[in-house]
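Encoded as structure tokens, the structure appears first; notes follow it.
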Amino acid sequence: MNQRTVVVVSAGLSQPSSTRLLADQLAAAVVEAGAGQGLQIETKFIELRDLAHDIANNLLTGFPPAALKEATDAVAAADALIAVTPIFTASYSGLFKSFVDVLEKDTLADKPVLIAATAGTARHSLALEHALRPLFAYLHAVVLPTAVFAATDDFGADSADGTLRSRITRASEELARELERRDPVTVLDPFALTTNFEDLLKTI
Ligand SMILES: Cc1cc2nc3c(=O)[nH]c(=O)nc-3n(C[C@H](O)[C@H](O)[C@H](O)COP(=O)(O)O)c2cc1C
């Protein structure tokens, strides 16, 4: 089976977090949609709450602490990203934006990204379109057509069959199709020897 890795970034601050709940539902749906496309999708979760101090330190010093470096490397090596933020003050949260700010240049170039958000009110659902989509477009990511928004009320008892569920399914299928028609990402080792040792000796 074709293997792919999807990194799921969740920027919720509460515990338990509705943002993480949405991230979990999206990840499960993507695994299922991938299986339908003949893909075995591994998901890796990055909880930005756990990296908040590291992100601030990276912004101040220019260097990522080990745990943050591991997270940003995972994003770079991923075949796709699911990015889920709570809506704070009608936009993505500051922590979410700060994580994007510490990613190396071109990390997200040509990478499929499924954008999603949670919020207290449905009135701010368009923040996905006026804040998240332009952010990732600027970074040259391939932002999927369907964005997934969940207000607090969407997590009610009948949400499993409702609009939220159908948007999760639709977005997940878009992501699975995008993954299916792409080759897996390969990460080059910057320290790998590109010529063999004998050839190197001949040049001395
Ligand atoms: C500082 C702050 C600002 C917020 N601003 C908005 C907002 O502008 N619009 C909105 O609908 N909800 C807003 N909310 C509500 C959160 O988006 C919502 O509770 C979210 O689902 C929390 O995610 P979490 O449970 O993963 O922490 C805000 C919450 C906080 C703490």
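Students often check this: by mean Cβ neighbours within 10 Å, which of 96-102, 62-68 ranks highest, and how do the rest follow?
Working: 96-102: 19.9, 62-68: 13.4.
Result, highest mean first: 96-102, 62-68.
In whole angstrom, how far apart do the alpha carbon centroids of region 87-132 and region 159-204 sit?
When both Cα centres are located, 21 Å separates them.
What is the chain's relative contact order, in percent, from Cα pairs under 8 angstrom and six or more apart in sequence? Walk me through the numbers on the way to the answer.
Values: 326 pairs, mean separation 47.8, N = 204.
It comes to 23 percent, rounded to a whole number.
Between residue 49 and residue 188, take the C-beta separation as r, use R0 = 45 Å, and let me know the FRET efficiency to the nearest 0.05.
Between residue 49 and residue 188 the formula returns 0.90.
List, in order, the whole-Hz ³J(HN,Hα) value for each residue of region 126-137 obtained from phi through the Karplus relation with A = 6.51, B = -1.76, C = 1.60 and θ = phi - 60°; use x for Gly and Pro.
My calculation for region 126-137 gives 6, 4, 4, 7, 9, 10, 6, 4, x, 4, 6, 5 Hz in order.
Which one, 75, 176, 127, projects farthest toward the positive side of the charge dipole computed for the chain from Cβ point charges (K/R +1, D/E -1)?
It is 127.
How many percent of the accessible area of the chain is carbon or sulfur, using a 1.4 Å probe?
Details: 6000 of 11220 Å².
Ligands and nucleic acids excluded, carbon and sulfur give 54 percent.
Which helices pass in the chain if a helix is a full DSSP H run, must span at least 18 angstrom along its long axis by Cα, and must have mean Kyte-Doolittle hydropathy not below -1.0?
Numbers: long enough: 18-36 (27 Å, 0.70); 163-180 (25 Å, -0.86).
In the chain, the long hydrophobic H runs are 18-36, 163-180.
Amide H neighbours of residue 118 under 5 Å, counting only residues 5+ apart in sequence or on other chains, H built in-plane at 1.01 Å?
85, 87, 150
Out of the DSSP beta bridges found with both residues in the chain, what percent are antiparallel (nearest 5)? Please report the intermediate quantities before stating the final value.
Details: 2 of 28 bridges.
Within the chain, antiparallel bridges account for around 5 percent of the total.
Considering amide H positions built from the backbone, and no H for Pro or chain starts, which residues 5 or more places from residue 45, or on another chain, come under 5 Å of its amide H?
For residue 45, whose amide H was placed from the backbone, the distant partners under 5 Å are 8.
Within 15 Å, Cβ to Cβ, of residue 178, how many net charges do the neighbouring residues add up to if Lys/Arg are +1 and Asp/Glu are -1?
Details: positive: 4, 111, 170, 177, 181, 182; negative: 79, 110, 173, 174, 180, 183.
Cβ neighbours under 15 Å give a net charge of 0.
How do the peptides 18-28, 185-195 rank, highest first, by the average count of neighbouring beta carbon atoms within 10 Å per residue?
Numbers: 18-28: 21.2, 185-195: 7.7.
Highest-to-lowest ranking by the protection proxy: 18-28, 185-195.
Round to the nearest 0.05 the FRET efficiency obtained for residue 152 and residue 32 when R0 = 25 Å and r is the Cβ-Cβ distance. It would help to have the intermediate numbers written out before the result.
Numbers: r = 25 Å, r/R0 = 1.01.
The computed FRET efficiency comes out at 0.50.
Amide H to amide H, which residues 5 or more places from residue 143 or on other chains are under 5 Å from it, using H placed in the peptide plane?
So residue 143 has HN proximity to 113.
Under a 1.4 Å probe, what is the accessible area of the chain per residue, stated in Å²? Don't jump to the answer; show the numbers that get you there.
On the way: 11220 Å² over 204 residues.
On a per-residue basis, the chain sits at 55 Å².
Which of rounded, prolate or oblate describes region 1-118 when judged by the alpha-carbon gyration tensor and an a/c cut-off of 1.5? Each step should come with its number before you reach the end.
Numbers: a/c = 2.06, a/b = 1.36, b/c = 1.51.
Oblate is the answer for region 1-118, as a/c is 1.5 or above yet b/c matches or exceeds a/b.
Show me, for region 107-113, the HN-Hα J-couplings you get by feeding each phi into the Karplus relation (A = 6.51, B = -1.76, C = 1.60, θ = phi - 60°), rounded to Hz, glycine and proline as x.
So the Karplus estimates, Gly and Pro as x, are 4, 9, 4, 6, 9, x, 10 Hz.
The values are calculated or read from the model by the stated rules, or taken from the named source; none is laboratory data. Not measured: the values here are computed from a predicted model. When we count neighbours, we look across all protein chains shown, and the Cβ atoms used for this are built from the backbone with ideal geometry, even at glycine. These area figures cover heavy atoms from the full protein model, side chains too; ligands, DNA and RNA do not enter into them. Shrake-Rupley method; radii C 1.70, N 1.55, O 1.52, S 1.80 Å.
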